[in-house]
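Working notes for the structure below.
The values are calculated or read from the model by the stated rules, or taken from the named source; none is laboratory data. Only a predicted model underlies this, so the values are computations on that prediction, with no experimental measurement involved. We place every Cβ from the backbone using ideal geometry, glycine too, and count neighbours over all the protein chains shown.
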Amino acid sequence: MALSSLILLTALSGHPASAVPRPKTVELRGEVREVSGGKLGKSRAVLVVEDGEEYTMHGMDSATGEELTRLAGTKIEAFGLMNDPRLPRGNHVLVQRYAIVDVGKGVVPRTGVIAQMEIGGAMRLLFVDDDGRADLLPEGWGKKMSRHVGARIWMVGSGEGASFKPLRFSILRGARK
């Protein structure tokens with residue numbers, strides 16, 4: 001009875017019931033901006049694509065959402081879903097994965113984690129990228145960066161292995177506590 005009443009009301013009102021768009025996969029490329037004033041005053045990540053269109057990016061969980069916000073200023077390629085029922089309607093994307101394609105001046109960084117291991121009786125830090133390549137970080141990094149062991153970062157550097165010299169980096173996701 002309730003359903004037939006709803007159909008009758010919709011027909012009489014002259015307004016068709018709005019169709020819920022089906023989720024669709026998208027691949028977007030653009031620059032990430034951090035925009036304040038989001039839900040509960042939190043900032044959010046917005047991807048501005050080449051034609052100027054803006055897409056609010058959402059992570060699969062809150063930690064991924066914060067990681068997306070920390071990408072501000074970089075250019076990325078994002079892969080995800082639009083029209084996901086968990087998101088508001090409009091230009092909102094549930095990002096399933098992304099790749100950093102430029103951190104400035106056309107430079108593509110490596111992404112990975114800060115790790116720690118014992119070498120010659122001393123604890124040393126390493127940068128282990130997503131492909132499994134490990135580079136020893138300079139000894140001076142131990143004091144200031146040891147609390148970030150396990151953090152997800154992007155890094156740009158020269159050399160490799162023991163001769164690796166970090167030039168720039170940014171922490172994307174803090175170390176687990």
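Couple of notes before you dig in:
- Residue match in region 68-82 (condition: more than 23 Å from Pro23 (Cα to Cα) and aliphatic (A, V, I, L, M)): yes
- The residues of region 82-110 that are touching a residue at least 40 places away in the same chain (Cβ under 8 Å) and crowded, with 18+ Cβ neighbours inside 10 Å, listed by number, are Met82, Val93, Ile100, Val103, Pro109, Arg110.
- Selection count, region 107-120, where residues are within 20 Å of Arg173 (Cα to Cα) and assigned to a strand (DSSP E or B): 7
- Odd one out for Asp135, checked against (1) farther than 30 Å from Ser62 by Cβ; (2) touching a Ser or Thr at 6+ places or on another chain (Cβ under 8 Å); (3) not aliphatic (A, V, I, L, M): (2)
- If the condition is being polar (S, T, N, Q) and in contact (Cβ under 8 Å) with a residue 24 or more places away in the chain, then region 29-58 contributes Ser43, Thr56.
- One residue stands out among those in region 67-95 that are among the β-branched types (Val, Ile, Thr) and in contact with a Phe, Trp or Tyr (Cβ under 9 Å, 6 or more places away or on another chain): the one that is farthest from Gly106 (Cα to Cα), which is Val93.
- Residue match in region 113-130 (condition: in contact (Cβ under 8 Å) with a residue 40 or more places away in the chain and within 17 Å of the chain's Cα centre (by Cα)): yes
- Exclusive hit being within 26 Å of Ile171 (Cβ to Cβ), outside any helix (DSSP H, G or I) and either at pLDDT 90 or above or under 11 Å from the mean Cα position of the chain (by Cα) (or both), set Val26, Val95: Val95
- Some residue of region 39-60 being assigned to a loop (DSSP other than H, G, I, E, B) and under 26 Å from Val128 (Cα atoms): yes
- Looking only at residues of region 121-177 that are aromatic (Phe, Trp, Tyr) and not in a loop (DSSP other than H, G, I, E, B), we find that the one that is nearest to Thr69 (Cα to Cα) is Trp154.
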